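**Student:** I'd like to ask you about the structure that follows.
The values are calculated or read from the model by the stated rules, or taken from the named source; none is laboratory data. All values derive from a computational prediction rather than experimental measurement. Here the Cβ is made from the backbone with ideal geometry for all residues, glycine too, and neighbour counts use every protein chain on show. We work out accessible area using only protein heavy atoms, side chains counted, and drop any ligands, DNA or RNA first. Shrake-Rupley method; radii C 1.70, N 1.55, O 1.52, S 1.80 Å.
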Amino acid sequence: MAGAGAFAEIIEGDVFNYYADGEWKKSSSGKSVSIVNPTTRKTQYKVQACTQEEVNKVMEAAKSAQRLWAKTPLWKRAELLHKAAAILKEHRAPIAEALVKEIAKPAKDSVTEVVRSGDLISYTAEEGVRILGEGKFLVSDSFPGNERTKYCLSSKIPLGVVLAIPPFNYPVNLAVSKIGPALIAGNSLVLKPPTQGAVACLHMVHCFHLAGFPKGLISCITGKGSEIGDFLTMHPGVNCISFTGGDTGIAISKKAGMIPLQMELGGKDACIVLDDADLDLAASNIVKGAFSYSGQRCTAVKIVLVIDSVADALVEKVNSKVAKLTVGSPEDDSDITPVVSESSANFIEGLISDAKQKGATFCQEYRREGNLIWPLVLDHVKPEMRIAWEEPFGPVLPVVRVATVEEGIHHCNASNFGLQGCVFTKDINKAILIGDAMETGTVQINSAPARGPDHFPFQGIKDSGIGSQGITNSINMMTKVKTTVINLPSPTYAMG
């Protein structure tokens, strides 16, 4: 049960505490932020509403702790990360329970997210030892005009304080994907969890606490973004920001100043289906890609661009599979569960209404009960419809019929997003050429878009982000190069 057993100290009364300087604390504000269960639409949990002064104290502690942590041997950092990973996996049940109640993620998928997060932490520890345990040695005479009088030693050192801001849809996994690389690299870490998903994050942070990480090295600040959001992202004590989310990231990037940014900001992931594609394979991947976790994934299939000659057959196969999806509560492991909030459901409904007014074909009857929206395929979608360009983050899939592959590529590239895309064809040469032409960070061939495995590079272009994620890229991004040059006198000894 959340907030019980090993996690009893993270809650006081009915409000979960925030974590700072190695302790679970109650905010001096005396206020809390309510977390609404998407299924019941009633308050499920409450977390502390931290103040700007508490943010200042966290930053001071993080800065002091980081100086000592940077001197901690790599093997010791890795050892603590492995310990935290084991504790996280051991306590998967209460964390998964929080995910079910906070974000309506199906129970089985919630457990998978926690276990995957533990594996990610362990892999990060091992990869960090390999990457950071090596340096470079250069000599000056490899550059024209120089004698062999300078030896250059370079290594990677930490940036300082990393601010991590994960999204609601994978609050644990996308938090540890930032925490692990930051810590193994010698940084301290301040976590600002999403409101929906905050309690799961607090439980996860307690696993690091139980592992024995130094006081002040890891902090978890909860509260309203309107009160501490800008204060955190513009804080002079922050040396790096890793953010996953939506349009807020664009605003952060404009305000953050001259610090490294790692941003993943959503996508309109296109699925291009050629006339020679295996339509059964394409349909299975489209349904899985579009409707897993009710479409609330950055890498969900957001639009299908299918060659007209096979469109009828593909849509028929997709609809047949959609009819088999179960709709209901996350506790019952339903395929389609309520979207995260009423505002999200209203936004999705607005896109659907616009498509209806402009002539889209509804392959299923539109149905909504509270935050629960039944899966819907919209055929014959036209470019003038909002759903052709906007990211619904819900269980609705637009299908655009195109006459040529070039038309499909053009629609994909006309989007302001560029996260992932996919191509279905039996011709690998065509697949590679189309993939090269698609303006996205990743292209999947004969499979739906996906993030992972977690050590794979993951990045977007255009409004989909800045920088690259994935374990190795994140470690490199959260370090900087330190160079020492040894200057020698001109050679005086005879060679040979």
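**Student:** Go over the candidates A403, A437 one by one and state the one that is open to solvent by 60 Å² or more (accessible area, probe 1.4 Å), farther than 30 Å from K105 by Cβ, touching a residue at least 24 places away in the same chain (Cβ under 8 Å) and not acidic (D, E).
**Tutor:** The unique qualifying residue is A403.
**Student:** Residue by residue through the range 460-473, note down the ones that are open to solvent by 40 Å² or more (accessible area, probe 1.4 Å) and closer than 15 Å to G245 by Cα.
**Tutor:** Hits for the range 460-473 are I461, K462, D463, I466, G467.
**Student:** Next up: Inspect the range 116-134 for any residue being assigned by the TED database to the domain that holds F208, in contact with an Asp or Glu (Cβ under 9 Å, 6 or more places away or on another chain) and closer than 30 Å to P489 by Cβ and give the result as yes or no.
**Tutor:** no
**Student:** Got a sec? Which strands (runs of 3 or more DSSP E) wholly within the range 137-202 have at least 3 residues that are modelled with pLDDT of 95 or more and surrounded by fewer than 24 Cβ atoms within 10 Å (Cβ to Cβ)? Quick ask: steps written out before the conclusion?
**Tutor:** Details: elements: 150-158, 161-165, 188-191.
Where strands (runs of 3 or more DSSP E) fall fully within the range 137-202 and carry at least 3 residues being modelled with pLDDT of 95 or more and surrounded by fewer than 24 Cβ atoms within 10 Å (Cβ to Cβ), they are 150-158.
**Student:** OK, next. Determine whether the range 414-431 contains at least one residue that is within 18 Å of the chain's Cα centre (by Cα), modelled with pLDDT of 95 or more, open to solvent by less than 70 Å² (accessible area, probe 1.4 Å) and of a type in the set (A, V, I, L, M, F, W, C).
**Tutor:** Within the range 414-431, one or more residues are within 18 Å of the chain's Cα centre (by Cα), modelled with pLDDT of 95 or more, open to solvent by less than 70 Å² (accessible area, probe 1.4 Å) and of a type in the set (A, V, I, L, M, F, W, C).
**Student:** Separate question: Name every residue in the range 9-31 that is open to solvent by 50 Å² or more (accessible area, probe 1.4 Å) and small (G, A, S), in order of residue number. It would help to see each step written out before you state the result.
**Tutor:** Taking the range 9-31 first, the residues open to solvent by 50 Å² or more (accessible area, probe 1.4 Å) are 9, 12-14, 21, 23, 25-26, 28, 30-31.
Those that are open to solvent by 50 Å² or more (accessible area, probe 1.4 Å) and small (G, A, S): G13, S28, G30.
The rows are residues; the columns are (1) in contact with a strand residue (DSSP E or B) (Cβ under 8 Å, 6 or more places away or on another chain); (2) over 18 Å from L232 (Cα atoms).
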{"residue": "I35", "(1), (2)": "yes, yes"}
{"residue": "T40", "(1), (2)": "no, yes"}
{"residue": "Q44", "(1), (2)": "yes, yes"}
{"residue": "V55", "(1), (2)": "no, no"}
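**Student:** Is there any pair linking a residue in the range 191-212 that is more than 11 Å from I35 (Cβ to Cβ) and in contact (Cβ under 8 Å) with a residue 12 or more places away in the chain to one that is among the polar types (S, T, N, Q) and surrounded by 24 or more Cβ atoms within 10 Å (Cβ to Cβ), with Cβ under 7 Å and at least six apart or on different chains, and which?
**Tutor:** Cβ pairs passing all conditions: L191/S219.
**Student:** Of all residues in the range 210-247, which are part of a helix (DSSP H, G or I) and surrounded by fewer than 20 Cβ atoms within 10 Å (Cβ to Cβ)?
**Tutor:** Result: L210, A211, G225, S226, E227, G229, D230, F231.
**Student:** Here is a list of conditions, (1) within 27 Å of T43 (Cα to Cα); (2) open to solvent by 10 Å² or more (accessible area, probe 1.4 Å); (3) touching a helix residue (DSSP H, G or I) at 6+ places or on another chain (Cβ under 7 Å), and K101 meets all of them except one; can you say which number that is?
**Tutor:** Among (1) within 27 Å of T43 (Cα to Cα); (2) open to solvent by 10 Å² or more (accessible area, probe 1.4 Å); (3) touching a helix residue (DSSP H, G or I) at 6+ places or on another chain (Cβ under 7 Å), K101 violates only (3).
**Student:** Related question: Answer yes if at least one residue in the range 113-134 is over 24 Å from the mean Cα position of the chain (by Cα), at positive phi, exposed (fewer than 14 other Cβ atoms within 10 Å of the Cβ) and without any contact (Cβ under 8 Å) to a residue 24 or more places away in the chain, and no otherwise.
**Tutor:** no
**Student:** Within the range 127-136, track down each residue that is out of contact with any strand residue (DSSP E or B) (no Cβ under 9 Å at 6 or more places or on another chain) and not in a helix (DSSP H, G or I).
**Tutor:** Matches in the range 127-136: G133 only.
**Student:** Something else: In this structure, is T442 among the hydroxyl-bearing types (S, T, Y), touching a Leu at 6+ places or on another chain (Cβ under 8 Å) and free of Cβ contacts under 8 Å to residues at least 40 places away in the same chain? Quick ask: steps written out before the conclusion?
**Tutor:** Values: among the hydroxyl-bearing types (S, T, Y): yes; touching a Leu at 6+ places or on another chain (Cβ under 8 Å): yes; free of Cβ contacts under 8 Å to residues at least 40 places away in the same chain: yes.
Yes.
**Student:** Consider V405 carefully, then state whether it is under 18 Å from S309 (Cα atoms) and β-branched (V, I, T).
**Tutor:** Answer is yes for this residue.
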